[in-house]
1. Mind pulling the angle between the C-alpha long axis of helix 138-148 and the longest principal axis of the chain? Nearest 10 degrees, somewhere in 0 to 90.
2. Which percent of the accessible area of the chain is formed by carbon and sulfur heavy atoms (probe 1.4 angstrom)?
3. State, in angstrom, two size descriptors of the chain derived from its alpha carbons: Rg to one decimal place and Dmax to the nearest whole number.
4. Helix-only mean residue ellipticity at 222 nm, the chain, DSSP H runs n ≥ 4 weighted -39,500 (n - 2.57), per residue, nearest 500. What is it?
5. For the full complex of protein chains and a 1.4 angstrom probe, list His234, His17 by accessible area with the highest value first.
6. Bin by bin, in steps of 10 Å, what percent of the Cα pairs in the stretch 176-256 do you find, going until the bin that has the longest distance?
7. What is the sum of charges around Leu195, taking Lys and Arg as +1, Asp and Glu as -1, for the other residues whose C-beta is under 15 Å from the C-beta of Leu195?
8. State in Å² the accessible area per residue of the stretch 5-217; use a 1.4 Å probe, count heavy atoms of protein chains only, and round to the nearest integer.
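The values are calculated or read from the model by the stated rules, or taken from the named source; none is laboratory data. The shown structure was predicted, so the numbers you read here are calculated from the model rather than taken from an experiment. Please note: Cβ atoms are built from the backbone with ideal geometry, for glycine as well, and neighbour counts cover all protein chains shown. In case anyone asks, the SASA skips ligands and DNA or RNA and just uses the protein heavy atoms, side chains included. Shrake-Rupley method; radii C 1.70, N 1.55, O 1.52, S 1.80 Å.
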Amino acid sequence: MTPAIDVQGLQVSYGPHAVLSGLDLTVAPGEVYALLGPNGAGKTTAISVLTTLLTPTAGTVRVAGFDVATQQVEVRRRIALTGQSAAVDDMLTAVENLVMLGRLSGLGTRRARERATELLERFSLTDAASRRVKTFSGGMRRRLDLALSFVVVPEVLFLDEPTTGVDPRSRLDLWEVIRTLADAGTTVFLTTQYLEEADLLADRVAILDGGRIVETGTPAQLKSLVGSDTLVLHGDDGEQSAEIPTDGTIAGLRAALDAIEDPGAVASVSLRRPTLDDVFLSLTSTGGPARPLAHKEIA
Ligand SMILES: Nc1ncnc2c1ncn2[C@@H]1O[C@H](COP(=O)(O)OP(=O)(O)OP(=O)(O)O)[C@@H](O)[C@H]1O
Ligand SMILES: [Mg+2]
């Protein structure tokens, strides 16, 4: 089967500054793929290349079977991208924005109106449907921006930090929309700073650091990289006061307990399974392969 996204040896440099230095990845049709990385890792840069907005320095990139460098029109016809607030017209109302994009995308007037109504409902903007966008709050504008990328169901949907600045309720709604689209066959490529989002949503997660993918796998596979449980200490107030990594064995747990400097100050202890946060920190903070996390004071 042709991959929905196929990236080989992608390099992007801004002048002498190499941002992506040999990125390789493939995403299967219908897969939800999350790209994680610290600020400045090059996530937006990668999305810009994949959506034909930026010409790479080297490498080949195919999206929906077409080359982004030589078949831009074919690619653009099959994708949608959010993060383009520029697509929102401030002087129009929310419903006008949605209907206009529907019409531009080839829907009939009636279908464009129906779709606008559905999306306003879905993104909790029904009450604001007839207000000009220039009166919207940042979060409302973000929701409208997202709604616009769902007007026509694309073959591949690119979401650059889709839920940044979105309240928790709308975030849940959006996750449901993304899952529904993926179940219906749309490939989703998203970047996120919320590891919980990658964990819940993504079939596969890739961690970008130093211009390359340093690790990739299902959320469960990545969590198994950092492997062991963490001993969590709680103070009198029940708050977490420190955590100590273990290797998952009884001896390791015993050693962790022995390492507690002031047992009198510890009211209770618990064990926590690894999270994607642990994976992310162990792989990106100072680079290199997975290694045990340092004893981390939460304070
Ligand atoms: N047009 C540009 N000209 C020069 N440098 C740029 C340009 N765009 C991005 N960069 C640099 O490239 C690097 C990667 O930026 P990019 O926006 O892709 O990171 P990101 O992973 O999306 O970060 P964030 O998590 O903050 O969104 C950064 O060091 C940034 O300063
Ligand atoms: Mg970015």
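1. 60
2. Details: 7690 of 14570 Å².
Carbon with sulfur: 53 percent of the solvent-accessible area.
3. Taking only Cα atoms of the chain, I get Rg and Dmax of 22.2, 71 Å.
4. My calculation for the chain gives -10000 deg cm²/dmol from helical runs alone.
5. I get His17, His234, largest accessible area first.
6. Bin by bin from 0 Å, the calculated values are 14, 31, 29, 19, 6, 0.
7. Working: positive: Lys43, Arg171, Arg204, Lys223, Arg272, Arg273; negative: Glu161, Glu196, Glu197, Asp199, Asp209, Glu215, Asp277, Asp278.
My count for the surroundings of Leu195 gives -2.
8. 44
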